[in-house]
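Below is one structure, written out as C-alpha cells; the observations come after it.
The numbers here are math on the coordinates, done by the rules we state, and not lab data. All of these numbers come straight from a predicted model, not from anything done at the bench. Cβ placement follows ideal geometry from the backbone for every residue including glycine, while neighbour counts extend to all protein chains displayed.
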Amino acid sequence: MMSAYTEEVDEPEAGVAEILAALDLGALKRNSVGIATCHSDFVASGFVAALQKSLPFDVVGMTTMTSANALGMGMYSFSLTVLTSDELSFEAALSGPLDRGGYAGQIASAYSGAEEKLGGRPAFAIALFPLLMDLGVWLLHKGLCAACGGVPVWGGTATHTDAGYDNCRTFVGGDSGADRLAMVLVRGPVEPEFVVVSLPMQNIDDNRGMVTRSEGYLLREINGVPARRYFETLGLTIMDDVPMAMPLMLYHEGTSEPVALSIYSANDDGSLCCGDEIPEGASVSIGEITAEGVVASAREAMDRVLACGKRGGALILPCASRFLMLEPNQLDEMRTVASKLEGGAAMPFMGGYSGGEICPMRDGGGALRNRFHNFTFTACVL
C-alpha cells in the first residue's frame, strides 16, 4: 500500500504534482488500483480527472467529510491509497445512473462486466455507494449482494462537509456522478479481516426485545407489541418524521455482536422505518452515541485491527454521524486511528467518513455475511 495526500485544490496542477511526488511509481507491481476519498471540490475542479491522466491505474473514490492517511488529515483534502501486487488483480467499475426503477439492473450489469474483465470470481469487493434522497443505501447494498452471489463486500457511502446530498459524488477517474456506484473487485490469494465496532458495551442497553413481526426495513412488533409502543414502555419517544438519535442495536440470531441501525421514522400503525431489513427472530435494544463513546469504540476497533496480525494496510470508514458527534473536536477519531498505527509506522492506512457503512460480519455458524450498518466504525485489514 502506498499513500499520497494533498490539500491543494485551487491549483489542480500543483495538487497533482504533490500526489505524484509522494508516490514511487517505479515500485508498482504488476497490478495496481487507487482508492481515494476527498472533498467534493477536488471532483468539481477537474483535479480527479487530471490526476487520472497522470497515473497508470484506475482511481476509484468518493467524497467524504474528512480524509486521512499517514501523510495528513483534514476536511478539505484529497487522500489516495494505492494497492499494488504481483499476485492480486483489480478491476474497477462505475455503474450507470441509479433510480428506484432500475437500480438492481444497473448494479448487476456493472458487477458482471467487471467480473468478466477480471477473469473470475473475486476474493472480495470494495464498494462506494451514492447518497440518494429517494433510494436507501441498504437497497443498493442488497442489489449488489444479489449480483455478487456471496462475495464479501466492504465499503461505504459518499458524504460531504455540509451533510447534504447535492455535492456527494462517487467516481472512477474522471467519470463521476451523484447517483452511481463505484466498485473495485479484487481477485487472488488475499483473505481480508473485517472489523466492526459500533458502540462501547456500556453504551448499549442490556434490555433486549424479540422481533416478532417485521417486513423488510419495517420493524412492526417487538415481543408481540407494536414497535413504537414497545419503546414507549422503555421511556423512549419516536417522532413521526424525525430520525431517532439513538441507534437501534440489532442482534441477528446466534450472534453476540450487534449491528447498529438508524430508526428514521414512525408510522401510524406503530411500525418503525429502519436503516436495513429487520429479520424476525432477531433481538433488539437501544444504544447511545456520545463523543466519548465514539473515541472509545475507535480505540477498541484499532486494537482489533492490530490484533489481526496483518500489516499490509487498513482501509477505514466510520459513520459520518460519529464525525458530527465529535464537534468541535471532529478529528479526534482519525487522530486515534493515526496514534494507534503510530502515524503509519505500524501499518499504512486510509480513512474517510461514510453515510452508511458496508462491512461483513460472522453469523452464528462463523460464516461471513454481508451487512449494512449505521453509526459504526468499520475496517478492512489486508
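Structure data summary
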quantity: 12 Å reach of a label modelled at Ala22, 7 Å along Cα-to-Cβ, counting backbone N of the stretch 53-75; calculated: 67-74
quantity: Net length gained if the chain between Met239 and Ala345 were fully extended (0.36 nm per residue, minus Cα distance); calculated: 33.5 nm
quantity: Part-to-part distance (alpha-carbon centres) for the stretch 71-99 and the stretch 304-366, which is given in Å; calculated: 16 Å
quantity: Spatially close lysines, pair count over the chain: Cα under 24 Å, gap of eight or more or interchain; calculated: 6
quantity: Between the stretch 1-61 and the stretch 212-289, the alpha-carbon center distance in angstrom; calculated: 42 Å
quantity: Val225/Thr290 FRET efficiency (R0 30 Å; Cβ-Cβ; nearest 0.05); calculated: 0.60
quantity: Student exercise, the stretch 1-124 dipole from Lys, Arg, Asp, Glu Cβ charges, in Debye to nearest 20; calculated: 460 debye
quantity: Label-point separation in nm, Asp206 to Glu193, each point 7 Å along Cα→Cβ; calculated: 3.0 nm
quantity: Sparse-neighbour loop sites [GluC sites (Glu not before Pro); the stretch 67-144; at most 14 other C-beta within 10 Å; DSSP]; calculated: Glu87
quantity: Packing-based exposure ordering (other Cβ within 10 Å, fewest first) of Asp41, Asp166; calculated: Asp166, Asp41
quantity: Ellipticity estimate at 222 nm from DSSP helix runs (n ≥ 4, -39,500 (n - 2.57)) divided over the chain, nearest 500; calculated: -7000 deg cm²/dmol
quantity: Asn267-Arg213 pseudo-label distance in nm [points 7 Å out on the Cα-to-Cβ vector]; calculated: 1.1 nm
quantity: Correct choice for Cα extents along the principal axes in Å that was computed from the model, options (1) 69, 44, 36; (2) 158, 53, 32; (3) 63, 42, 39; calculated: (3)
quantity: Shape category assigned to the stretch 1-130 from the gyration tensor of Cα positions, a/c cut at 1.5; calculated: oblate
quantity: Cβ-based exposure ranking for Thr84, Thr6, in which fewest neighbours within 10 Å come first; calculated: Thr84, Thr6
